[in-house]
Amino acid sequence: MYPADKLSLENNGNTVVEAGKSKSETVALDILPGGTEGATYAVAVSASATVGTEKHTDNQAFIYLVKPLAAMPEVNAGRKIKNLCYVEVNRESMLNAGEYVMKGSKTPFFDIVSVFAANIRLGADDIPYVSCNEQTRFVLDNIERTVRPLQAKGIKVHLSILGDHTAAGMRSLSKDAARAFAEDLKAYMDIYGFDGIDFDDEYSTYATDQTLEPYVASDAVASSIDECTPQRYADLVYESRKLMPDKTIGIYWYAGHDYPVGTVEGKTVDELVDYSIYGLYGKWRAIPADTLSIAKQCPYAVEVTTAKGDVKIEDKYLKDIRQNGWGYFAVYDLNDDRSYEKEFSRISRLLYDEEVEWSGKQYGRTEW
């Protein structure tokens, strides 16, 4: 059993099912660090109805398995430009991103690797939630083999959140819905041990068509395209930051209106967001510095999907990133059919004056 003095239930475990409702509010279980690294512990939680009920049946007990992890090693501490990789888990393995290291120090080439992607959807109860397809679920179900090896090398692993052809999106949620979605995100961060979130405001229906049926009468999302605003996006980031002050929050954007803008409870977007990635690959564009400081921006990223031939890299843009105070660079979609040692060495020389070497290991999507 996990040490009892490291466990606490919100409000001493008490909650109320209000009259006319079938569910109570959530009750947070706080699990503080403890136990022996690598051991597996059980935390048993049961529920019972007591006051004000005439009948209650089917009370359930749950056993949560808790495994204390080693502290993530700190690597590349002096690196001014952070390097991020999005992995398309529908077809590729997260592990391939960990097989590239700096030739001299043997530290990881990538600082952050992001699972691309989970989705935001709207439930039947009008509450937005994190939705995962079969391939993303595979990563989560095998988190010890797909993510932990990267974290053990000092690489932060993030979960990307993408629109999914519904009215639920970063620019459409009401404040209450934003708060509810932030709570669901926190559950994924806590349960699976992710280090942060990448918000990607693509593929929600409001981006292309405000006449689609999802806009019919919902308190959770905006009723028209005009009400889907960057300020609502800022509200979502604020709610996420408030619940997860220790997690990294990133923004992926490409259209020019798909990033948060505004102030929430006296907090600016620059205070709430850790980084942004401009995702029109091979092109250069930045968010205005009065919205997000350049040290938190990647104005140029490259796609490396092509299995044959050289990846197109613009040296002038990499030199600009290094010389003018930009804080991030990113690549998208490693392919397990080839090595990127040559391309990554070229990038690394321009950003860090170092070569990159590849281990020679390749992993298929379901392999470790």
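The values are calculated or read from the model by the stated rules, or taken from the named source; none is laboratory data. Quick caveat: nothing in here was measured; it's all calculated off a predicted structure. Cβ: placed from backbone, ideal geometry, glycine included. Neighbour counts: every protein chain shown. These accessible areas exclude ligands, DNA and RNA; they are computed on the full protein's heavy atoms, side chains included. Shrake-Rupley method; radii C 1.70, N 1.55, O 1.52, S 1.80 Å.
Quick notes
- Residue list for segment 10-28, filter: modelled with pLDDT of 90 or more and open to solvent by less than 80 Å² (accessible area, probe 1.4 Å): Gly13, Thr15
- Selection of segment 123-137 for residues being without any contact (Cβ under 8 Å) to a residue 12 or more places away in the chain, of a type in the set (D, E, K, R) and surrounded by 13 or more Cβ atoms within 10 Å (Cβ to Cβ) yields only Arg137.
- Some residue of segment 89-103 being surrounded by fewer than 17 Cβ atoms within 10 Å (Cβ to Cβ), free of Cβ contacts under 8 Å to residues at least 40 places away in the same chain and in a loop (DSSP other than H, G, I, E, B): no
- Some residue of segment 330-342 being assigned to a loop (DSSP other than H, G, I, E, B), at pLDDT 95 or above and over 18 Å from Ile112 (Cα atoms): no
- Residue within segment 73-82 that is free of Cβ contacts under 8 Å to residues at least 40 places away in the same chain and either exposed (fewer than 13 other Cβ atoms within 10 Å of the Cβ) or touching a strand residue (DSSP E or B) at 6+ places or on another chain (Cβ under 6 Å) (or both) present: yes
- Subset of segment 248-264 [within 14 Å of Tyr233 (Cα to Cα), part of a loop (DSSP other than H, G, I, E, B) and open to solvent by 10 Å² or more (accessible area, probe 1.4 Å)]: Gly256, His257, Tyr259, Val261, Gly262
- Within segment 138-167, considering residues that are open to solvent by less than 10 Å² (accessible area, probe 1.4 Å) and touching a Gly at 6+ places or on another chain (Cβ under 9 Å), the one modelled with the lowest pLDDT: Gly163
- Screening Phe110 against (1) touching a residue at least 24 places away in the same chain (Cβ under 8 Å); (2) out of contact with any strand residue (DSSP E or B) (no Cβ under 6 Å at 6 or more places or on another chain); (3) in a loop (DSSP other than H, G, I, E, B) leaves a single unmet condition, (2).
- Matching option when the condition is open to solvent by 10 Å² or more (accessible area, probe 1.4 Å), farther than 23 Å from Tyr278 by Cα and not aliphatic (A, V, I, L, M), among Tyr188, Tyr203: Tyr188
- Test result for Ser114, within 30 Å of Leu173 (Cα to Cα) and buried (at least 19 other Cβ atoms within 10 Å of the Cβ): yes
- Per-region count, segment 39-72, residues at pLDDT 85 or above and open to solvent by less than 80 Å² (accessible area, probe 1.4 Å): 9
- Residue, nearest to the chain's Cα centre (by Cα), within segment 265-299, restricted to residues that are among the aromatic types (Phe, Trp, Tyr) and not in a loop (DSSP other than H, G, I, E, B): Tyr275
- Options Arg241, Arg285; residue that is open to solvent by 40 Å² or more (accessible area, probe 1.4 Å), without any contact (Cβ under 8 Å) to a residue 60 or more places away in the chain and within 26 Å of Tyr206 (Cα to Cα): Arg285
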